[in-house]
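Heads up, the thing below is written out as structure tokens.
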Amino acid sequence: MSPLPTPLPDAESQCRQLANLLAPTLGRNPALVGIHSGGAWIAARLKELLGLTDDIGLIDVSFYRDDFAEKGLHPQVKPTVIPFDVDNRHLILVDDVLYTGRTTRAALNELFDYGRPASVELAVLADRGGRELPIAPQYCTWSIDLEVGQNLVLARDDAGTLAWRLEHA
């Protein structure tokens, strides 16, 4: 892990780096599944960069969170859409930031409601450490240490350009 750089890395460049890391997996015909919302944006960009023809899956883990009873339903729940057969398919789960691992665990729980994939790998733009579960990315472009109260947020402007911003809690 490294300290926070100034300025923050170019998220568009990181998407290209992630596409390069994923390119060797294309022989297995993987399907991309993006976690709403940042992971969904990245998965769409990866589909374009890798020249994939299959539609991407989109997953909202709101109902699968282990803190659902505590936090309640997020006000902007999006539908989960898995437009392919999950059984025996190699899946690449895509998210923007990996932190505690709880979002990834929730996404895995939901994916298995759709079938039994051959494998699931995790691709993220940023790994900020702080894991509470034994989950690690197979593909990652940036490992970063953040201070308590800092959050790394991926944003998308009206033109669809992705960019990082740092928020303080």
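The values are calculated or read from the model by the stated rules, or taken from the named source; none is laboratory data. Predicted model only: the values in this text are computed from it and were never measured. Because the Cβ atoms are built from the backbone with ideal geometry, glycine has one as well, and the counts that use them run over all protein chains shown.
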Matching residues, region 87-102, being β-branched (Val, Ile, Thr) and at pLDDT 95 or above: ILE92, VAL94, VAL97
Cross-chain or 6+ apart pairs with Cβ under 8 Å, region 114-131 first and under 16 Å from ALA43 (Cβ atoms), then surrounded by fewer than 23 Cβ atoms within 10 Å (Cβ to Cβ) and of a type in the set (Gly, Ala, Ser): LEU122/ALA136; ALA126/SER143
Positions within region 133-154 being in contact with a Lys or Arg (Cβ under 7 Å, 6 or more places away or on another chain), outside any loop (DSSP other than H, G, I, E, B) and either among the polar types (S, T, N, Q) or loosely packed, with under 15 Cβ neighbours inside 10 Å (or both), in sequence order: VAL153
Cβ-Cβ under 6 Å pairs, at least 6 apart or on other chains, region 82-95 side over 16 Å from VAL61 (Cα atoms), far side surrounded by fewer than 15 Cβ atoms within 10 Å (Cβ to Cβ) and of a type in the set (Ser, Thr, Tyr): HIS90/SER119
Within region 155-169, considering residues that are charged (D, E, K, R) and in a loop (DSSP other than H, G, I, E, B), the one farthest from the chain's Cα centre (by Cα): ASP158
Selection within region 114-132 - of a type outside the set (Lys, Arg), closer than 23 Å to PHE63 by Cβ and either in a loop (DSSP other than H, G, I, E, B) or modelled with pLDDT under 95 (or both): TYR114, GLY115, PRO117, GLU132
Extreme residue, modelled with the lowest pLDDT, among residues of region 155-169 that are small (Gly, Ala, Ser) and out of contact with any Lys or Arg (no Cβ under 7 Å at 6 or more places or on another chain): ALA169
